[in-house]
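First up is the structure itself, then whatever we jot down about it.
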Amino acid sequence: MPGRLAQAAEAEVWVVLSENGGAYAEAVRALQEAWAREFRLTLNWRVATWSELPLDLEPLPQLTVTLGARACLEAVELTLANPALARVPLLATLLPQASYPALAAKVLARNSSALFLDQPPERIARLLRLALPEHKRVGVLFGPDSLAVRPVLSRALAARGLTLVEQTILNGDKGVYPSLRALFDESDLLLVMPDKLVYSPQNMPNILLAAYRQRIPLVSYSAAHVRAGALLALHTAPADTATQIAQAVHQLLSSRKLPAPALADAYSVAVNDQVARSLGLSLPTPAALALALKSRGVNP
């Protein structure tokens, strides 16, 4: 075993949760299983929220892995107040891409990277053509977090013969529902992109209900939205990122350098069959859609 990897056998990694339980606990279990399966090296995992960790004690870990946007934000705040913690490399995971640059800018002196849950626009466009080939006009309500993806999304949709119909909300949520009504008038479907202002927990139930009443299929990035009434979602479950996180941890411990920020490789498709029936739509199964997306030869 190379010297550096031998040292990794004694290494400690902090896995910091945004909250205990739920999807974060599932992600931790999957990460530890992926590490044992892929690398078979002993590693000391310390799993906790930031409030449960001994930040004033030495030695600090060789790497901190945050799960979720809240844990990443807290890491930045603690780093600014704790010079010792600033020396620990940070791998931020399970967060949207839009939330990372502002956080990373505050910790440029440290070795940091990220693994994002966002789906590439080209993959989204392919899914729309596979699942809803008759729906050509794609309505998107952009907000501050999602506006940056607009140009590449527009190109990806156009390349698949789809038209972007857009509205933008930048200041508060008072214009959400008038903008939605405008989109419903011009669109065949509503595509939801990650944006905490527009698609907040407070807004989302009403948006789902409004789309359903207008008989507009809603396509999302979240399986939870499908369970709540969206037609379709292209998403990455937290546990699905386990192997990619394990590989990044291994790279840091073996080379002292994290990989560049990246989108998650793994993804799944979720379909709400009841909503599909209510809208008079017949969709392929989630497994068939996912397989078609992963088949590079398919060009819908």
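Nearest 20 debye, what's the magnitude of the dipole of the chain about its Cα centre given +1 on Lys and Arg Cβ and -1 on Asp and Glu Cβ?
780 debye
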Working from Cα positions, state the angle (0 to 90°, nearest 10) between the long axis of helix 150-159 and the longest principal axis of the chain.
60 degrees
What accessible area per residue, rounded to a whole number of Å², is obtained for the chain using a probe radius of 1.4 Å?
47 Å²
Using bins 10 angstrom wide from zero, how does P(r) for the chain break down, in % of all Cα pairs?
6, 26, 31, 22, 13, 3, 0
Give the span of the range 232-300's Cα atoms along each principal axis, as three whole-Å numbers ordered largest to smallest.
54, 26, 16
So, in nm, how far is label residue 33 from label residue 163 when the simple model puts each one 7 Å beyond its Cα toward the Cβ?
4.7 nm
Tell me which of 53, 72, 35 sits at the most positive position along the dipole axis of the range 28-108, charges placed on C-beta atoms (Lys, Arg +1; Asp, Glu -1).
35
So for the range 154-286, Kirkwood radius off the Cα pairs, Stokes-Einstein at 37 °C and 0.692 mPa s: how many µm² s⁻¹?
194 µm²/s
Out of the total accessible area of the chain (probe 1.4 Å, heavy atoms of protein only), what percent is carbon and sulfur?
52 percent
Given 11, 163, 178, which one lies farthest toward the positive end of the charge dipole of the chain, if we put +1 on the Cβ of every Lys and Arg and -1 on the Cβ of every Asp and Glu?
163
Please list, or write none, the aspartates and glutamates whose alpha carbon is within less than 16 Å of the alpha carbon of residue 136, excluding same-chain residues fewer than 8 places away.
122, 166, 185, 186, 188
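The values are calculated or read from the model by the stated rules, or taken from the named source; none is laboratory data. Please read these numbers as outputs of a predicted model, since none were measured by experiment. Here the Cβ is made from the backbone with ideal geometry for all residues, glycine too, and neighbour counts use every protein chain on show. Protein only, heavy atoms only, side chains kept; ligands, DNA and RNA dropped before computing areas. Shrake-Rupley method; radii C 1.70, N 1.55, O 1.52, S 1.80 Å.
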